1. Which distance in nm do the two modelled labels at A:Thr44 and B:Asp227 give, with both placed 7 Å along the Cα-to-Cβ direction?
2. Rolling a 1.4 angstrom probe over the protein heavy atoms, how many square angstrom per residue are accessible across the stretch B:6-49?
3. For helix B:74-89, report the angle its Cα long axis makes with the longest principal axis of the Cα atoms of chain B; keep it between 0 and 90° and round to the nearest 10°.
4. At 1.4 Å probe size, with the rest of the protein present, what percent of the exposed accessible area of chain A is carbon and sulfur atoms?
5. Just how many pairs of Lys in the stretch B:164-295 have C-alpha atoms closer than 20 Å, counting pairs that are eight or more places apart or on different chains?
6. Any chance you could check the Cα centroid distance between the stretch B:19-95 and the stretch B:278-333 for me, in angstrom?
7. Using 1/(1 + (r/R0)^6) with R0 = 25 angstrom and r between the beta carbons of A:Ile196 and A:Met139, what's the FRET efficiency to the nearest 0.05?
8. Between A:Leu37 and B:Ile154, what FRET efficiency comes out of the Förster formula 1/(1 + (r/R0)^6) with R0 = 56 Å and r the beta carbon distance, rounded to 0.05?
Protein chains: 2
Amino acid sequence: MKPVTLKQIAETLGISITTVSKALKDYPDVSKKTKRLVKELAETLNYKPNAFAVTLRTKESKTIGLIIPEVVHHFFSSVIKGIIAQAEKKGYLVIILQSNESYELEKKQLDLLLSKRVDGVLISLANGTGDFKHLNDLMAQDVPLVMFDKIAKIVNCSKVIINDRKAAYTATKHLINSGCKRIAHFRGPLLPQNSIDRFLGYKEALTDNAHTYDPSLVYILEDMSFDEGTYFAGELLKDHNDVDGIFINTDLVAIGAIAEFNKRGVKVPEDISVVGFSNWFMSSVINPSLTTIDQPGYKMGKTAFKLLYKEIKTRKNNQTLTYKTVELKTDLIVRESTNLY
Amino acid sequence: MKPVTLKQIAETLGISITTVSKALKDYPDVSKKTKRLVKELAETLNYKPNAFAVTLRTKESKTIGLIIPEVVHHFFSSVIKGIIAQAEKKGYLVIILQSNESYELEKKQLDLLLSKRVDGVLISLANGTGDFKHLNDLMAQDVPLVMFDKIAKIVNCSKVIINDRKAAYTATKHLINSGCKRIAHFRGPLLPQNSIDRFLGYKEALTDNAHTYDPSLVYILEDMSFDEGTYFAGELLKDHNDVDGIFINTDLVAIGAIAEFNKRGVKVPEDISVVGFSNWFMSSVINPSLTTIDQPGYKMGKTAFKLLYKEIKTRKNNQTLTYKTVELKTDLIVRESTNLY
DNA sequence: CGATTTAACGAAAACGTTTTCGATATCTAA
DNA sequence: TTAGATATCGAAAACGTTTTCGTTAAATCG
């Protein structure tokens, strides 16, 4: 009933634990005959090494931690999938924790992972995170850390990101090229770097192209939900009847806005063009389908793990490590919600 | 740099490791003064017990494994969220593995979890799984197992499910009540219990209500994708021009079908009524919005963990355990894709 | 044949805890 | 004053591995 141990194998075979262990790992100083005997018995007994004993001894847990703001989210679940897939290839397991966009929870989860002695941590920051002591503490304890998507530029570690600013610039430029004259922007909360950068890209595209930047056209949303999309779409129509284009921080909000526009008889893209951000699966399915920026979640997950893995290895070999920031390519996906043909 | 251990605390305080350990766990046989000293030092040194040593000693890893067919999926990510949330409350961590709907991978992942000595495992079966030896082996090794959503009735363990048959019955009945005369069905692959039960519910609703069951109206899909939805919608229109209602196994497919209907000028619900299954977020957002069965993923996750937790506890206390199957309520969400007002 | 290499194995320490069981030292009661 | 109770501590074993370093016996060599 209880799991099989090396000791049991050793006793039934009348040899030492040491030899059993070595036999299973193909040490050169054990005879072929003994190896065969041990391996056969291990097989029939369905022996599995106790991972905790191994970890205790070798200091390698072969487990990494992942902290994300929200699991139920197309982008993040793609990231998860990418990470798990890549981790599996290297024999790593991944423990997933949610911060629910809360700084306090994020700290707590990090503590938990630390006590579990994970070999490394992958994190995408909560919106509320403005202080980075917990991350620096982690670094100080010498546990490899790589941040992705929602990062803190200040923290000195490897990162994998997209160029939010450039992508937002492209999105806004696309609206300008489509002939839009008054372009609004729904942005995210003030803290996370993404919403800042996307806003900056929007602004830069305007001023670069002889559009005047009008702060009253920028709306700051809180939770980036469908309902916020419908609400602020209503506000926008009330405040500015001359807006003919809008760049929206996130597809979900954009979809909410489009729903509201549809409901009020405002035609997309004839009356107002809409560009989203993320390329959720959903955005290709709604009517009209949404022009958006493709954000490669799966690839980001894979890359983030690869970076972490490399860090784990270089530390293990006592090589000097350098932090890298890899920037993933984003694409503008033109669909029906903008009218550039 | 290296993590703090009991030994270090003991040495700097000039007391034994035993006393330090006891002090931290508030054993009665250590003086208040010593306790204070130990706790203070532990705090300033940021001591965290080595989880692997603890596990090795206590046989409790405080970690559970979760195997699901696919991470990037609204329903499953909701389940994940529910599980993580509940696990956190009880101090458990969860390791997530994907089977990618493959039986072979499912077996491998289970093996992995076993070697990690998780305290229990939560699983939703891959579509391809028709043999259950790996699950029975797990049970034989005395590790708690609870299955959810995609289960095997044959395996003797706790389960949390919805009544797929009843829900499908309700969905089909709703089409009948809406006045549909010829009702088709897009079903899933032959193996998983869900698609069998949903099909059975569909069939039963027909025969219970003076509709003749016509096998040619049932289409068997493979991967349940958006594209399959569009493809089979086309096939359906080609094969049967008299169909006026359809019950579809999954929202994603239903959304594909509706997109195809829209494209071909077939009006939903005027020409054909559509009912989906799952209540993805997306289904409230498309046009027309989709009538569907709400499948409570988050709650299912919470319930599954609770069941597992209870099993872990009763085994620990050597109490006799009985397997429970809890059935979660589903609701019919009536929206625009059916015309019952 | 003696010396040396090689092959095969095992003892033991270590990883960091938890917990049982004794060992002191102090205190109380008679 | 002394027997017993009580308070406080620590030694040591155990959990299941991995790995270093010996040890022995057989094989090889000159």
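1. About 5.0 nm separates the two model spin labels.
2. Computed with neighbouring chains in place, this is 68 Å² per residue.
3. In chain B, helix B:74-89 runs at an angle near 20 degrees to the longest axis.
4. 52
5. The number of close lysine pairs in the stretch B:164-295 is 8.
6. Taking the Cα centre of the stretch B:278-333 as reference, the centre of the stretch B:19-95 is 26 Å away.
7. Between A:Ile196 and A:Met139 the formula returns 0.60.
8. Plugging the Cβ-Cβ distance into 1/(1 + (r/R0)^6) gives 0.90.
The values are calculated or read from the model by the stated rules, or taken from the named source; none is laboratory data. Computed from a predicted structure; not experimentally measured. Counting neighbours? That spans all protein chains shown, and the Cβs are built from the backbone with ideal geometry, glycine included. Note: accessible area is taken over every heavy atom of the protein model, side chains too, but ligands, DNA and RNA are not part of it. Shrake-Rupley method; radii C 1.70, N 1.55, O 1.52, S 1.80 Å.
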